[in-house]
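Okay, structure first, notes after.
The values are calculated or read from the model by the stated rules, or taken from the named source; none is laboratory data. This is a predicted model, so every value here is computed, not measured. Using ideal geometry, Cβ is built from the backbone for each residue, glycine included, and neighbour counts are taken over all protein chains shown.
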Amino acid sequence: MKKITFLLILLVSSGLAFAQAPTDNATDPPTRDAGDVISIFSDAYTDVGGSDFNPNWGQAGLGTANTSFDPGTGNIVLAYPNFNYQGVQFGSAQNISAMENLHVDIFIDGTFNPNVFVISSGGEIAHSITNTGARTWISVDIPVAGITGDLTNAIQFKFDGGNGTTDAIYVDNLYFWKSPVDPTTDATLSDLQVDGNTVAGFSPTTETYNHGLAPGSPVPTVTATTTNGSASTNITQAPAVPGDATVVVTAQDGTTMKTYTISFFEEGPGTAAPTPPARNAWDVISIYSDEYTDVTSNFDAGWCGASSVEEVMIAGNATQKYKNNACQGIDFAANRVDATGFTHMHIDFYTTETNLVGKVFNLKLVDFGAGSGEVSSVEINLNDASSPAIVSGSWVSVDVAVDLSTFTGLAQAAITSNLNGTVWYDNFYVYRAATASTKDNDLIESSVYPNPSSNGWNISTPNNIIRSVEIFNILGKKISVQKGNDRNEVTISTEGIATGVYIAKISTDIGIKTVKLIRN
């Protein structure tokens, strides 16, 4: 019995040793100026607000992850027992291009070497952390250069390398930092903009940029902001497109200088996307098109970082310029639409990518139903061999059948792409075959009174029997149906109908009539 008891004690003791957690904290970070650090998790600095330190990425150990672990000192750290891989979603996209290093303090319980990633719109790049095996805090500084594909748009951390069962890590002091600069000799810019938008890939240390403009675009205006408010700028705008604009920055000391250059060139389609056909409002749900009324959306939902798209004018037509992010999210959950009767999805897109082997351009529609998250989706995958296929240098019109029969709450759309060249798109919508013809309008005599109305509309067709009256909002969403009961007059209540303009589709015994209703 004594031997068995002693063996159990040994097993328990060895298990406790293997599952060792820190009982102290990492060394406190040094004092830094606010402009020299971007902190995600640290008591020493002001953290980026709204970050999620325990996102559900489906990894083992998620159920036991602890984002408020106290090693006994009162200083909270991130604890990830049963470690497989774990992520941190930043509260907002961060431009880390001016930073020099990523700092991580990590305590590793196990014999593995974890990896840390900074995730942006570019590819994931692993940076291994060497495990000393001492089960003590390890301080790591990783050069920012080469840490991610897009330093201007960092959105997440990821740690991996664990076995998902016995391995564990504890993390503190996650931040980016740079060495302080003498402000009197600082001739850098903190922002460089073209027509009010920060130039793609901007970094205070990068002095040359190429910026594409649609053919026929006017010469843009360049503006700049100095890192040190006491520095000065001399901006020479581009004389034409193609052409160069320069910003000469003189530091506070009056002698240190730096010159930033933006070279403008023409790119993209020289003609607008094809014009969609005229459709009844109730037969189309438009996400983006001048031809129809769009659903009110957050058109840059930030799922793969901010600033995924920019609206530009192509031959006088508003067009979305997709900025080569891994994805773009379009969210209209607050204005979701019943799409159950719709049968096709359409988009027109154009790319300058010439090497199309292995390239994709994918479209996704997401249904929330009546809930707060995805319940179903449909996705269209396009490549150089699909039908239609991706081609370079011309508009591609995608018009394909989709099954939306269960989409009672169409709430989001998404685009994913690995095309290296910029993509432009227009006329993104779903539609169905015309359910009503306007050709009968002139054959059916009708009247609506009062109109505008705040209490209700009386709709009459003196010479025809009304079968039904359907009311649609300007987005084509059906909001009311009134049976005619074989009479030639019906009353439509305005109860629950907001102020605005609506379309009444009047089905009679000889055809269909549409009229405009105004709710005041």
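Quick check on my filter: what residues within region 234-244 are in contact (Cβ under 8 Å) with a residue 24 or more places away in the chain, surrounded by 14 or more Cβ atoms within 10 Å (Cβ to Cβ) and assigned to a strand (DSSP E or B)?
none
Only residues in region 128-155 that are without any contact (Cβ under 8 Å) to a residue 60 or more places away in the chain and farther than 17 Å from Asn113 by Cβ count as the first member; pair them with residues that are in a loop (DSSP other than H, G, I, E, B) and of a type in the set (Asp, Glu), Cβ under 9 angstrom, at least 6 apart or cross-chain, and list the lot.
Qualifying pairs under 9 Å: Pro143/Glu100; Val144/Glu100; Ala145/Glu100; Thr148/Glu124; Gly149/Glu124.
Of the conditions (1) under 30 Å from Val249 (Cα atoms); (2) in contact (Cβ under 8 Å) with a residue 60 or more places away in the chain; (3) not aromatic (Phe, Trp, Tyr), Gly161 fails just one. Which one is it?
Only one criterion in (1) under 30 Å from Val249 (Cα atoms); (2) in contact (Cβ under 8 Å) with a residue 60 or more places away in the chain; (3) not aromatic (Phe, Trp, Tyr) is unmet by Gly161, namely (1).
Give me a count of the residues in region 89-117 that are modelled with pLDDT of 90 or more, closer than 23 Å to Pro30 by Cα and outside any strand (DSSP E or B).
3
Residue under question is Gln86, and the condition is that it be in a loop (DSSP other than H, G, I, E, B) and either surrounded by 19 or more Cβ atoms within 10 Å (Cβ to Cβ) or at pLDDT 95 or above (or both); does it hold?
The answer is no for Gln86.
Please enumerate the residues belonging to region 32-78 that are in a strand (DSSP E or B), surrounded by fewer than 16 Cβ atoms within 10 Å (Cβ to Cβ) and under 23 Å from the mean Cα position of the chain (by Cα).
Asp52
Quick check on my filter: what residues within region 143-159 are surrounded by 18 or more Cβ atoms within 10 Å (Cβ to Cβ) and over 23 Å from the mean Cα position of the chain (by Cα)?
Val144
Give me the strands (runs of 3 or more DSSP E) completely within region 280-369, filtered to those with at least 2 residues that are in contact with a Leu (Cβ under 9 Å, 6 or more places away or on another chain), ordered by residue number.
284-288, 344-351, 361-367
Considering only residues that are at pLDDT 85 or above and closer than 24 Å to Ser289 by Cβ, look in region 473-500 and name the one that is surrounded by the most Cβ atoms within 10 Å (Cβ to Cβ).
Once the filter is applied, the top-ranked residue is Gly500.
Hey, Ser376 hits all of (1) among the polar types (S, T, N, Q); (2) buried (at least 21 other Cβ atoms within 10 Å of the Cβ); (3) farther than 18 Å from Tyr322 by Cβ but one; which does it fall short on?
(2)
Across region 200-221, what is the number of residues that are farther than 12 Å from Ala245 by Cα and either out of contact with any strand residue (DSSP E or B) (no Cβ under 8 Å at 6 or more places or on another chain) or in a loop (DSSP other than H, G, I, E, B) (or both)?
Going through region 200-221 one residue at a time, the tally reaches 12.
Among the candidates Glu379, Glu374, which residue alone is without any contact (Cβ under 8 Å) to a residue 60 or more places away in the chain and not in a loop (DSSP other than H, G, I, E, B)? Spell out the reasoning first.
On the way: Glu374 fails: not in a loop (DSSP other than H, G, I, E, B).
Only one candidate passes the filter, namely Glu379.
So which of Asp141, Asp70, Asp105 is among the acidic types (Asp, Glu), farther than 14 Å from Tyr175 by Cβ and out of contact with any Lys or Arg (no Cβ under 9 Å at 6 or more places or on another chain)?
Residue meeting the stated conditions: Asp70.
On the basis of being within 28 Å of Ser179 (Cβ to Cβ) and free of Cβ contacts under 8 Å to residues at least 24 places away in the same chain, does Asp28 make the cut?
Here the answer is yes, as Asp28 does meet what is asked.
Name, by its number, the condition in (1) over 30 Å from Met257 (Cα atoms); (2) at pLDDT 95 or above that does not hold for Gly123.
Here Gly123 meets the rest and fails (2).
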